[in-house]
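Notes for the one structure printed next.
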Amino acid sequence: MEALHPVPDAVTALEKIAGWFDDRKYPGDVCVCAAGNPTAWDKAIEVRDKPVAAFDVQIFGKKCIDMGVLEAAVVMVSDRQPALDMGRISRSGRPASA
């Protein structure tokens, strides 16, 4: 597996990797392009260091759907992160109340 680094120099060294923190033209903080198609996204990963609400996950999910991402993940690293009901988030067509 290729290493994923949110650093522009590392990104340019790996043809399938694109995006880094705070770059709004990509679906997530770290993105993996489809082989042979640099505008199609295989994966998008969003990294959050502050508590994430269900609504935040849904917004990221919608962005990924809108951009054609095949697989998406939210990495929540805050030690204050509450547990989220992922079943409820994935079943809902609307943002869940926090």
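The values are calculated or read from the model by the stated rules, or taken from the named source; none is laboratory data. Model, not experiment: these values are computed from the prediction. Note that each Cβ is placed from the backbone with ideal geometry, even for glycine, and that neighbours are counted across all protein chains shown.
Between residues in the range 56-78 that are within 10 Å of Trp41 (Cα to Cα) and residues that are of a type in the set (Phe, Trp, Tyr) and modelled with pLDDT under 90, which pairs lie under 6 Å by C-beta distance while being six or more apart or on different chains?
Final answer for the pair search is Val69/Trp41.
Just name the residue that is nearest to Ile89 (Cα to Cα) out of those in the range 35-55 that are touching a residue at least 24 places away in the same chain (Cβ under 8 Å) and among the aliphatic types (A, V, I, L, M). Please lay out each step first, then the result.
The first filter runs over the range 35-55 and keeps only residues touching a residue at least 24 places away in the same chain (Cβ under 8 Å), leaving 40-55.
Keeping just the survivors that are among the aliphatic types (A, V, I, L, M) gives 40, 44-45, 47, 52-54.
On the way: Ala40: 25, Ala44: 18, Ile45: 17, Val47: 18, Val52: 13, Ala53: 10, Ala54: 6 Å.
Filtering the range 35-55 for residues that are touching a residue at least 24 places away in the same chain (Cβ under 8 Å) and among the aliphatic types (A, V, I, L, M), the one nearest to Ile89 (Cα to Cα) comes out as Ala54.
One line per residue, one yes/no per condition, for (1) crowded, with 19+ Cβ neighbours inside 10 Å; (2) assigned to a loop (DSSP other than H, G, I, E, B); (3) in contact with a strand residue (DSSP E or B) (Cβ under 8 Å, 6 or more places away or on another chain); (4) basic (Lys, Arg):
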{"position": "Val32", "(1), (2), (3), (4)": "yes, no, yes, no"}
{"position": "Ala40", "(1), (2), (3), (4)": "no, no, yes, no"}
{"position": "Ala44", "(1), (2), (3), (4)": "yes, no, yes, no"}
{"position": "Val47", "(1), (2), (3), (4)": "no, no, yes, no"}
{"position": "Val52", "(1), (2), (3), (4)": "yes, yes, yes, no"}
{"position": "Ile59", "(1), (2), (3), (4)": "no, no, no, no"}
{"position": "Lys62", "(1), (2), (3), (4)": "no, no, no, yes"}
{"position": "Gly68", "(1), (2), (3), (4)": "no, yes, yes, no"}
{"position": "Ala73", "(1), (2), (3), (4)": "no, no, yes, no"}
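Is it the case that Ser78 is at pLDDT 90 or above and hydroxyl-bearing (Ser, Thr, Tyr)? Give the derivation first.
Values: at pLDDT 90 or above: yes; hydroxyl-bearing (Ser, Thr, Tyr): yes.
Judged against the criteria, Ser78 is a match.
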